[in-house]
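The values are calculated or read from the model by the stated rules, or taken from the named source; none is laboratory data. Just so it is clear, the structure is predicted and the values come from calculations on it, not from any experiment. Neighbour counts are summed over all protein chains in view; Cβ atoms, including those assigned to glycine, are modelled from backbone coordinates with ideal geometry. For the accessible areas, the whole protein counts, side chains as well, though only heavy atoms, and no ligand, DNA or RNA atoms are used. Shrake-Rupley method; radii C 1.70, N 1.55, O 1.52, S 1.80 Å.
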Amino acid sequence: MPVLTAILSAALLAQASASPTPRAEPVPAQSAPLTLTMRFAGREGERPIPFEVAKGVVVFKVKIAGRDVWAGLDNGAQGSLIDQTFAKEAGLRIGPPEGDIVTLTGSVPKRRVSNVPLSIPGAFEAEVPALAAMDLSAVSKIVGKKIDFVFGADFFNITTVMVDASRGMMRIGPRGSARLPPTIPVFTVVGEQPHIEATINGE
């Protein structure tokens, strides 16, 4: 399980234990595939995106509703998330509770934030029709930075994310845009818990 997914699960458990009663029909912590128009920076505007590693979580800056915020990178989170308090402060439209966000450890009410202007300088601009919102304060406390957005698997499904860990830089482009040299092997990631096959000492 990715580090941030584990932190989210712990945060959900803490919040669920404080809730008066669970909802009758919780919904999974996932969302439908994103359908949005993304304006990628292209060759002229594309540039590396600096990132940091905070408590094992890759964090980087994004711009939401004109505000610079910290985002966490987590391909284990099926749907991207926005902090509910931040969304309210930014003047975004927040809907009523729509079921629960559920993980293996707990659940909390989920709200929908509509028409979210999102951009990552050097990568893309977009207006996301809808994002799930929850209280990310517990995640921020554990990571040590105020996390207002989680870049989840729904965005990974429509982009290419290339991470250069040695330089602390990454690039985000259109899906299928990465062209690796033939000397670099490509591995197929399989399973519900993504993994690859490896041979160690002949086994």
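Is it the case that some residue within the stretch 188-198 is surrounded by 18 or more Cβ atoms within 10 Å (Cβ to Cβ) and out of contact with any helix residue (DSSP H, G or I) (no Cβ under 8 Å at 6 or more places or on another chain)?
From the stretch 188-198, those surrounded by 18 or more Cβ atoms within 10 Å (Cβ to Cβ) are none; that's our starting set.
No - not one qualifying residue is present in the stretch 188-198.
Suppose we filter the stretch 166-195 for residues that are outside any loop (DSSP other than H, G, I, E, B) and among the hydrophobic types (A, V, I, L, M, F, W, C); how many remain?
As a first pass, look at the stretch 166-195 and keep what is outside any loop (DSSP other than H, G, I, E, B): 169-174, 190, 195.
Restricting the remaining residues to those that are among the hydrophobic types (A, V, I, L, M, F, W, C) gives 169-170, 172, 190.
Of the residues in the stretch 166-195, 4 are outside any loop (DSSP other than H, G, I, E, B) and among the hydrophobic types (A, V, I, L, M, F, W, C).
Scanning the stretch 130-159 for residues that are open to solvent by 20 Å² or more (accessible area, probe 1.4 Å), within 16 Å of residue 72 (Cα to Cα) and in a strand (DSSP E or B) yields one hit, 132. Scanning the stretch 101-116 for residues that are open to solvent by less than 20 Å² (accessible area, probe 1.4 Å) and modelled with pLDDT of 75 or more yields 113, 116. For residue 168, the conditions (1) open to solvent by 40 Å² or more (accessible area, probe 1.4 Å); (2) at pLDDT 95 or above are fulfilled apart from (1).
Screening residue 29 with (1) aliphatic (A, V, I, L, M); (2) modelled with pLDDT under 55; (3) open to solvent by 80 Å² or more (accessible area, probe 1.4 Å) gives one miss only, at (3). Being over 22 Å from residue 58 (Cβ atoms) and open to solvent by 30 Å² or more (accessible area, probe 1.4 Å), is that true of even one residue in the stretch 118-129? Yes, because at least one residue in the stretch 118-129 is over 22 Å from residue 58 (Cβ atoms) and open to solvent by 30 Å² or more (accessible area, probe 1.4 Å). Any residue in the stretch 137-161 that's within 21 Å of residue 40 (Cβ to Cβ) and among the hydroxyl-bearing types (Ser, Thr, Tyr): show its pairings with residues that are assigned to a loop (DSSP other than H, G, I, E, B) and open to solvent by 10 Å² or more (accessible area, probe 1.4 Å) at Cβ separation under 6 Å, as long as the two are six or more apart or on different chains. Final answer for the pair search is 159/175; 160/175; 160/177; 160/178. Of all residues in the stretch 153-172, none satisfies the criterion of being among the small types (Gly, Ala, Ser) and in contact with a helix residue (DSSP H, G or I) (Cβ under 9 Å, 6 or more places away or on another chain). In the stretch 74-85, the residues that are farther than 20 Å from residue 141 by Cβ reach residues that are open to solvent by 30 Å² or more (accessible area, probe 1.4 Å) and hydroxyl-bearing (Ser, Thr, Tyr) with C-beta atoms within less than 7 angstrom, at least six apart or across chains, in these pairs: 78/31; 79/31.
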